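The structure appears right after this line, and notes come after that.
The values are calculated or read from the model by the stated rules, or taken from the named source; none is laboratory data. Here the structure is a predicted model, which means the values were calculated and not measured. Backbone-built Cβ (ideal geometry, glycine too); neighbour counts: all protein chains shown.
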Amino acid sequence: MKNIFHINFHGDSTLVVNLGEDIDIKTNQMLHEIVHLLEIDFKHSNYIEDIYPTFNSIIIDYDNLLIDFENLKLLINEKLLSFIKKYNVGSEEERIIEVPVMYGGENGPDLSMMSEKLNISEEKIIEIHASNLYRIFMIGFMPGFPYLGGLNTKISFPRLSTPRISVPAGSVGIAGMQTGIYPFESPGGWNIIGKTEIKLFDINLNPPALLEAGTNLRFVRI
Amino acid sequence: MIKIINSGILSSFQDKGRYGQKKFGVSRSGSLDTFSFELANKLAGNDSNEPCIETLGGFSCIFNIDSVVSIAGPMDFFSVNNHFIYKTNSSIKLKSGDKLDIPYPKKGNLFYLSVSGGFMIDKILGSFSYHQPSNITNALKISSGDEIHINSKGQNHLFVAESSFFENRIFNNKKINIIYNEENRSEKIKNLFENNEFTISDQFSRQGIRLIGDPINVFKDQNEVSAEVSAGTVQLPPDGQPIILLNDSQTTGGYKKIGVIPRFELSKLSQKMISSKIKFSEISMNDSISEFRKMRREFENINIYNYINRVLEINGRLISVQILENNSIISISDNEQFDVIEENFE
């Protein structure tokens, strides 16, 4: 199999494994399996600080006083090569988490405006939004915030030109080709179409984030 | 127990940070000036990762228990009972009922307060560090009126640290080293960055610092996929004004990345005051690590002196004197004049 990954540095203590330029589900699937493998392998290591996935890369923060980049690169390279040899596409079990959403009205203040500008009824927007299966590509931006792939292009909509000072926790929004949920109250420029009561992040749970990168999500209208 | 009278602009608990949580979207947090943080613990006789209070100053609290405390950070003076004043980077003994005041810093941004024996607080997701942008660690933020229990089984000795390491390495140097990202490194970028002087703007938080300079308009159209960032990442948004991310930054970011400020420079950077100037200078990864090791060695070798504190009553006035073991005097302070006479002890 050809070398499909590329290892680079970001500063003096972060190593980046790139698995391609595009965002595609197959790459992302393999990436999450590699992350799990590395997490297990480095569980007891004293020099790995964080391992986490993005859309198409794996990020490893390390203690640069305990290991240098070149040695870590060799080690990761070796692990990845042996993994890729054994890897079967789609061997991963698909998990789906359902998120109940109250759409429109007070819970989705931008739905009527979107409906007008897109010339699609509110009902139809909700139906489209709640019918797709979304891939959780990564968690980032803020604790528990999912970057979802799979929005139907018909309901893609540009960000608000002026972000709101405060978006309530649980708000479900659309920005360009992305849809997502705000785990906490925060400023934000996404078009809010609904709200979930589900708690996306709880420090008393293990893991604290309800959603996990590499799994799937479905919005369920309530 | 200590009772917080005034928490100032922002005071919070910090340790060396939170690891293994980035996959949940939780960044590292942790003390911004790790060297001053460690020094505070050293002077209080604590483990190097014992949580400290990190404060932007204007902080005031009352102790209801005898305790040894230390304050580290930029050169300044803190006061006890509005009377006696002491140099930062030293520890002092407080009696039950004493009031401690930490001023707004004049030569940096952040002070670290450590109590000998440590604060009795609970970890959140494996760390004592407050994470500013989320509300998940609010219990680690300090507010006026808070009562915090402390473990009084600490040491009794008083120490003062020599300040030359901090003066040279952290507080009097406007050069900031940068490791460029390979894919965006070019002579053009390097020249635009290094021949420019940048001002630290007032958009400065635990999440990052926005710089102001001649705009570097090389990436006007950006359509980046959100990807890795870390403490020290230098982003260049379309407006051409760089942003340096700090410990509480989001875990992924979508702006173009120019490079990273290496770890050994982050203490210096976080103590740069608003409106001060910085100048970037390229460093290789290998050199940055040798420099980090060298700095760690220098830090480990900072001279720390044992001293005693005498309070004398002269003509009805109380005078506090800090005396080293070799009988030289560090400071004399007086409850009426607030003057400090310093003798060079280095």
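Observations
- Looking across segment B:56-71, just one residue is in contact (Cβ under 8 Å) with a residue 60 or more places away in the chain, of a type in the set (V, I, T) and either buried (at least 23 other Cβ atoms within 10 Å of the Cβ) or under 18 Å from B:K87 (Cα atoms) (or both), and that is B:V68.
- Count of segment B:72-95 residues which are without any contact (Cβ under 8 Å) to a residue 60 or more places away in the chain and in contact with a Ser or Thr (Cβ under 7 Å, 6 or more places away or on another chain): 3
A quick yes/no check of all residues on (1) assigned by TED's automatic domain parsing to the domain that holds B:S7; (2) over 29 Å from B:P262 (Cα atoms); (3) in contact with a His (Cβ under 6 Å, 6 or more places away or on another chain); (4) touching a residue at least 60 places away in the same chain (Cβ under 8 Å):
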site	(1), (2), (3), (4)
B:M120	yes, yes, yes, no
B:I142	yes, yes, no, yes
B:K188	no, no, no, no
B:R206	no, no, no, yes
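- Some residue of segment B:106-116 being crowded, with 20+ Cβ neighbours inside 10 Å, outside the structural domain of B:P262 (by TED's automatic domain parsing), at pLDDT 95 or above and within 22 Å of B:S333 (Cα to Cα): yes
- Residue list for segment A:1-32, restricted to those being under 27 Å from B:Y19 (Cα atoms) and loosely packed, with under 15 Cβ neighbours inside 10 Å: A:H6
- Segment B:19-34, residues that are crowded, with 24+ Cβ neighbours inside 10 Å and either away from chain A (no Cβ under 14 Å) or hydroxyl-bearing (S, T, Y) (or both): B:S27, B:S29, B:S31, B:D33
- Within segment B:134-149, being surrounded by 20 or more Cβ atoms within 10 Å (Cβ to Cβ) and assigned to a loop (DSSP other than H, G, I, E, B) holds for B:S134, B:I136, B:T137.
- Single residue of segment B:150-191 satisfying the filter (small (G, A, S) and surrounded by 15 or more Cβ atoms within 10 Å (Cβ to Cβ)) that is nearest to the other protein chains (Cβ to nearest Cβ): B:A161
- Scanning segment B:208-229 for residues that are of a type outside the set (A, V, I, L, M), assigned to a loop (DSSP other than H, G, I, E, B) and touching a residue at least 12 places away in the same chain (Cβ under 8 Å) returns B:G213, B:D214, B:P215, B:N217, B:F219, B:K220, B:D221, B:Q222, B:E224, B:S226.
- Looking across segment B:122-140, the residues that are in contact (Cβ under 8 Å) with a residue 24 or more places away in the chain, more than 7 Å from chain A (Cβ to nearest Cβ) and not aromatic (F, W, Y) come down to B:G126, B:S127, B:S129, B:H131, B:Q132, B:T137, B:L140.
- B:A40, sole failed condition from (1) out of contact with any Cys (no Cβ under 6 Å at 6 or more places or on another chain); (2) farther than 15 Å from B:H131 by Cα; (3) surrounded by 18 or more Cβ atoms within 10 Å (Cβ to Cβ): (1)
- Among (1) out of contact with any Ser or Thr (no Cβ under 9 Å at 6 or more places or on another chain); (2) within 14 Å of another protein chain (Cβ to nearest Cβ), the one test that B:K16 misses: (1)
- Listing of strands (runs of 3 or more DSSP E) fully contained in segment B:81-127 that carry 2 or more residues being hydroxyl-bearing (S, T, Y) and more than 14 Å from the chain's Cα centre (by Cα): B:90-94
- The residues in segment A:25-50 that are farther than 14 Å from A:L80 by Cα and either free of Cβ contacts under 8 Å to residues at least 12 places away in the same chain or touching a Leu at 6+ places or on another chain (Cβ under 6 Å) (or both) can be counted, and the count is 5.
- Test: residue in segment B:47-69 that is in contact with a strand residue (DSSP E or B) (Cβ under 6 Å, 6 or more places away or on another chain), part of a loop (DSSP other than H, G, I, E, B) and among the aliphatic types (A, V, I, L, M): no
- Here the strands (runs of 3 or more DSSP E) wholly within segment A:107-222 that include at least 1 residues being more than 11 Å from chain B (Cβ to nearest Cβ), without any contact (Cβ under 8 Å) to a residue 60 or more places away in the chain and touching a Lys or Arg at 6+ places or on another chain (Cβ under 9 Å) are A:171-175, A:186-188.
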